[in-house]
Amino acid sequence: MKMQAYFKNAVVEIQMKRLVTLALIAMPIALVMHAQTPSPSQAAQDSVPVVNADHALTEALLHGDKAAVAKFLDKDFEFTNTEGKTFTHAAMIEQFPAVVTAGPGSTNVHSYNYGKIGVVLGIENQARFERVWVSRPDGWRIFNFIETPIGPKVQLPPGGGDCNNPCRTIPYAPTTAMDKAILDAWKHAKNDEWHPNSADWALRTSEEFSIINSGTDRTKAERVAMLAKQQAAGESGPPGDPIHDIRMYDIGKNAAIMRSIHNPHRGGKPYYNIRVWILRDGLWQLAASQQTTIKSAAPIPALN
C-alpha cells in the first residue's frame, strides 16, 4: 500500500510539473499574440479616436487655422500633394499649401486603428488620400498625408527583365531587428510579384491591404487573382521599381511606416510612396501602400 501511494504521488507530481511547464511556455506565446495588431474588423471598429482626430485636422485645414493644424502635426510629419511635392513639418506651417482632400465631401472612407498607428483613406475632388496617424503620449498626431490624383485606369506593366533592387538587394541598412524583418518580408513580396507566387504573397499583405496610385486602386483579392493567373500561365511578373531613397520608422513594437522614392523600372518620373506595415499572426504584413508621381522630376530611362 505504501508503495502504491508512493507511485501515485509521483505520478501526480510529474503531471503537475508538466502543467507548470506548459503554462510557462504558453505565457510568452500569449504575450506575443497580445502584442500583435488587431484583426481587420477590430481595427475598423476601434478607429473612432483616429477618425475624431482626423476630422478635427480637416476642419482646421478647411478653415485655414494654422495654429490648430500645427497641434496635430507630428515632428516627423510630411505632406505630399497631388503634384508629388512633399512638405515637411516646418514647410507645412510656413507655406500652408493647398490641400484638396480636406473638405466635407469625402467618399469611400475607410479607417483602421492598429494600436500605435491609425490609417484613414478616402476620395475627394478627384484625388485619393491616405492619412497615417501615430499615437503619441499627448494624443494622436498625423505622421503622413498623401494625395494622389485619380487618372485613367492602367493595367499591370508587362513581365520580363531582371529585378535586383528591390528583389535581391535594398539600398538601406536596417538599424533594428524589426526593420530587418520587415525588409525581408518586403523582398519576399517583391519576388512573389516578379516570379508569381499568389499563396506566399498573400501572407505578406493584410486582408484590408490596397495598392493605390493615379491609375490603380487594387485590393488584395484583386492582386492575388492576378498573381494566380500569371502563375497558372507560367508567366513572369514585372520587376519591382528600384528604390532611390528609403526611410523607416518603428512605431511601437508591432507597426512601422516606410517612406520611399522609386524610379519606375519601365521608365518615367519617380514617385513618392508611403507604406504601413503591421505584425499580425506572427508575420509582418503590408497594410497600405499609396504612391504619387513627382511631376517636377525629370523622367528616368527604362532599365530593360
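Mind telling me which of the residues THR58, THR88 ends up being at pLDDT 95 or above and either of a type in the set (Gly, Ala, Ser) or more than 27 Å from ARG218 (Cβ to Cβ) (or both)?
THR88
What residue, of LYS153, LYS190, is in contact (Cβ under 8 Å) with a residue 60 or more places away in the chain, touching a Gly at 6+ places or on another chain (Cβ under 7 Å) and charged (D, E, K, R)? Spell out how you get there, then give the answer.
Numbers: LYS190 fails: in contact (Cβ under 8 Å) with a residue 60 or more places away in the chain.
The match here is LYS153.
When the residues of segment 274-296 are filtered to those that are touching a strand residue (DSSP E or B) at 6+ places or on another chain (Cβ under 7 Å) and either modelled with pLDDT under 95 or of a type in the set (Val, Ile, Thr) (or both), which remaining residue is surrounded by the most Cβ atoms within 10 Å (Cβ to Cβ)?
Per the criteria, the residue is ILE278.
Restricted to segment 213-242, and to residues that are surrounded by fewer than 19 Cβ atoms within 10 Å (Cβ to Cβ) and aliphatic (A, V, I, L, M), which residue is farthest from GLY268 (Cα to Cα)?
For segment 213-242, the residue satisfying everything is ALA232.
Can you tell me which residues in segment 115-136 are farther than 16 Å from SER210 by Cα and either outside the structural domain of ALA98 (by TED's automatic domain parsing) or surrounded by 24 or more Cβ atoms within 10 Å (Cβ to Cβ) (or both)? If you could, list the steps in order and put the result at the bottom.
Applying the first criterion (farther than 16 Å from SER210 by Cα) to segment 115-136 yields 115-117, 124-126, 133-136.
Correct list: ILE117, TRP133.
Give just the number: which of (1) in contact (Cβ under 8 Å) with a residue 40 or more places away in the chain; (2) surrounded by 18 or more Cβ atoms within 10 Å (Cβ to Cβ); (3) out of contact with any Leu (no Cβ under 7 Å at 6 or more places or on another chain) does PRO196 not satisfy?
The number of the failed condition is (3).
Which residues, counting only those in segment 269-304, are in a loop (DSSP other than H, G, I, E, B) and touching a helix residue (DSSP H, G or I) at 6+ places or on another chain (Cβ under 9 Å)?
From segment 269-304, those in a loop (DSSP other than H, G, I, E, B) are 269-270, 281-282, 294-299, 301-304; that's our starting set.
Correct list: ASP281, GLY282.
Quick check on TYR249: is it out of contact with any helix residue (DSSP H, G or I) (no Cβ under 7 Å at 6 or more places or on another chain), surrounded by fewer than 23 Cβ atoms within 10 Å (Cβ to Cβ), among the hydroxyl-bearing types (Ser, Thr, Tyr) and outside the structural domain of SER135 (by TED's automatic domain parsing)?
Values: out of contact with any helix residue (DSSP H, G or I) (no Cβ under 7 Å at 6 or more places or on another chain): yes; surrounded by fewer than 23 Cβ atoms within 10 Å (Cβ to Cβ): yes; among the hydroxyl-bearing types (Ser, Thr, Tyr): yes; outside the structural domain of SER135 (by TED's automatic domain parsing): yes.
Answer is yes for this residue.
Given the condition within 30 Å of ASN113 (Cβ to Cβ), β-branched (Val, Ile, Thr), in a loop (DSSP other than H, G, I, E, B) and touching a residue at least 60 places away in the same chain (Cβ under 8 Å), answer yes or no: does some residue in segment 251-265 qualify? First the steps, then the outcome.
Filtering segment 251-265 down to residues within 30 Å of ASN113 (Cβ to Cβ) leaves 251-262.
Now restrict to residues that are β-branched (Val, Ile, Thr): 251, 257, 261.
Next, only the ones that are in a loop (DSSP other than H, G, I, E, B) stay: 251.
If we keep only those that are touching a residue at least 60 places away in the same chain (Cβ under 8 Å) too, we end up with 251.
Yes, segment 251-265 contains at least one residue that is within 30 Å of ASN113 (Cβ to Cβ), β-branched (Val, Ile, Thr), in a loop (DSSP other than H, G, I, E, B) and touching a residue at least 60 places away in the same chain (Cβ under 8 Å).
Test LYS75 against the criterion of being assigned to a strand (DSSP E or B), modelled with pLDDT of 95 or more and not acidic (Asp, Glu), and give yes or no. I'd like the intermediate steps shown before the answer.
Details: assigned to a strand (DSSP E or B): yes; modelled with pLDDT of 95 or more: yes; not acidic (Asp, Glu): yes.
Criteria met by LYS75.
Looking at segment 78-103, which of the residues that are of a type in the set (Ser, Thr, Tyr), in a strand (DSSP E or B) and touching a residue at least 60 places away in the same chain (Cβ under 8 Å) is surrounded by the fewest Cβ atoms within 10 Å (Cβ to Cβ)? I'd like the intermediate steps shown before the answer.
Narrowing segment 78-103 to residues of a type in the set (Ser, Thr, Tyr): 80, 82, 86, 88, 101.
Pick out the ones that are also in a strand (DSSP E or B) and you get 80, 86, 88.
Those still in the list that are touching a residue at least 60 places away in the same chain (Cβ under 8 Å) too: 80, 86.
Values: THR80: 24, THR86: 18.
Looking at residues that are of a type in the set (Ser, Thr, Tyr), in a strand (DSSP E or B) and touching a residue at least 60 places away in the same chain (Cβ under 8 Å), I get THR86.
Looking at segment 146-183, which of its residues are crowded, with 18+ Cβ neighbours inside 10 Å and within 16 Å of TYR271 (Cβ to Cβ)?
Within segment 146-183, the subset crowded, with 18+ Cβ neighbours inside 10 Å is 146-149, 163, 165-167, 170, 178-179, 182-183.
Listed by number, the residues that qualify are ILE146, GLU147, THR148, PRO149, ASN165, PRO166.
The values are calculated or read from the model by the stated rules, or taken from the named source; none is laboratory data. What you are looking at is a predicted structure, and each value in this text was computed from that prediction instead of being measured. As a convention, Cβ positions derive from the backbone with ideal geometry for all residues, glycine included, and neighbour counts pool all protein chains shown.
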